[in-house]
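None of the figures in this text is laboratory data; all of them are computed from the coordinates on show. Computed from a prediction, not measured in an experiment: that's the story for all the values here. Here the Cβ is made from the backbone with ideal geometry for all residues, glycine too, and neighbour counts use every protein chain on show.
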Amino acid sequence: MKKKIIELAKANGTDSVGFAPSTRFSEDDPIFKIMPETKTVIGLGFRILRGIYRGIEEGSTYYQYTTMAVENMEETVMPMAQLKISMMLEENGFIALPQRRHQQIMAETDSTNPEVAYDAVYRGKTAETQIDFEHTAVKCGLGELGLHGALLNDDFGPMIRYCFILTDAEIAATEEYTPHLCDKCGKCISACPGGAIDENGKVDPWQCAVYYNGANGTRNPFMPPDAFSDMDNRLEIIAGEAKVTPDTAKKILDKIYFYPPAQHAYQCSICGRACDVECYVHLEEKGVLKKKYKTPFRKREKWSFDLDSFK
Ligand code: SF4
Ligand code: SF4
């Protein structure tokens, strides 16, 4: 069964497959509320195309990240693999319950998801039955957690997305990572164009949402010189130095769409996940990633616009 699952997963675009026995989870873990019969959690990891990040790295194309690295992965590629594996499990008499991130549902009551419009998020609705995606991925052996909370995989570093299938089939476990990739260099923190990650690696979701969407004008080719003209601290915002609250974040986000709006509530990333990219460049330079490419990801010095052009 394990071999069949791995083959089917690979044939449907999965790059990394891992199996966590239910004994790795505490009794009050949401997986047991969702499906008490769970015996194994199957983790499926999918690479995000490295080339897609290069568009934002070069400042040449932005929307491909949102469509091809977020929306199509979450809505098409990943569910297709989940469904095919789940159907095969059910064909063999087991129960299979796919678990994908619902990008618009959050367990927290005061948080947001930078990848979707803040007013399209449903908060505090399913707190008891939302699995912890990052920690479940670690338990499945898909990777380790980096300082800023991203999953780091041996092949693709942080350039990976993931989802799960709960099943009552008992399948031999994958070993969990012994952390070896993140060296606490702090480059993910300093790379954020909006200071959204504190010194301990904690990401402020509202600060992230504002700068993920492009509030830093020195890194946003679409921002007009008079952006945020009715806001007193506009230069602070544009410099990436404004500290936001949920309320001020919403005000900034309401005025931030200098780029064509995204479809289906997915917002265009203007920061290009700079935290993950910097981490990737660091891991690649150290030579610790197993997947090798013919040329390095970073080809030239990082570009930026002069803050004076917004004065
Ligand atoms: S950039 Fe450095 S500190 Fe941050 S997650 Fe990567 S390796 Fe860890
Ligand atoms: S670099 Fe982008 S995705 Fe990462 S924390 Fe900052 S704003 Fe968020």
- prompt: Helix 78-91 sits at what angle to the longest principal axis of the chain, using alpha carbons and giving 0 to 90 degrees rounded to 10?
  reply: 10 degrees
- request: Find how much the distance from Ala172 to Glu134 grows on full extension, using 0.36 nm per residue of separation minus their present alpha carbon separation; answer in nm with one decimal.
  value: 11.6 nm
- request: Treating cross-link reach as a plain straight distance, find the aspartates and glutamates whose alpha-carbon is under 14 Å from the alpha-carbon of Lys292, omitting any fewer than eight places away in the same chain.
  value: Asp154, Asp155, Glu284
- line: Going residue by residue through region 197-204, the Karplus relation 6.51 cos²θ - 1.76 cosθ + 1.60 with θ = phi - 60° gives ³J(HN,Hα) values, rounded to whole Hz and with x marking Gly or Pro, of 10, 7, 5, 8, x, 7, 9, 7
query: Picking from Gly272, Pro98, Thr167, whose Cα lies most toward the positive end of the charge dipole for the chain (charges on Cβ: Lys, Arg +1; Asp, Glu -1)?
result: Gly272
task: Could you work out how far the C-alpha centroid of region 21-39 sits from that of region 154-182, in angstrom?
output: 17 Å
task: May I ask which residue of Ala20, Val77, Val116 lies farthest towards the positive end of the charge dipole of the chain, with charges of +1 (Lys, Arg) and -1 (Asp, Glu) on Cβ and the Cα centre as origin?
output: Val77
query: So, with +1 on the Cβ of K and R and -1 on the Cβ of D and E, and no other charges, what is the size of the charge dipole of region 187-310 about its Cα centre, to the nearest 20 debye?
result: 940 debye
query: Separation between the Lys251 and Tyr293 pseudo-spin-labels, each 7 Å from Cα along Cα→Cβ, expressed in nm?
result: 4.0 nm
field: In degrees, nearest ten, helix 2-11 long axis to first principal axis of the chain (Cα)
entry: 40 degrees
field: Pairwise label distance in nanometres, Ser190 with Lys202, each label 7 Å out on the Cα-Cβ vector
entry: 2.3 nm
query: Given 0.36 nm per residue, what is the gain on full extension from Leu49 to Ser111 after removing their alpha carbon distance, in nm?
result: 19.5 nm
- request: Please determine, in degrees from 0 to 90 and to the nearest 10, the orientation of helix 274-286 with respect to the longest principal axis defined by the Cα atoms of the chain, where the helix direction is its Cα long axis.
  value: 70 degrees
- line: Residues whose built amide H sits under 5 Å from the amide H of Val116, excluding neighbours closer than 5 in sequence, are Gln267
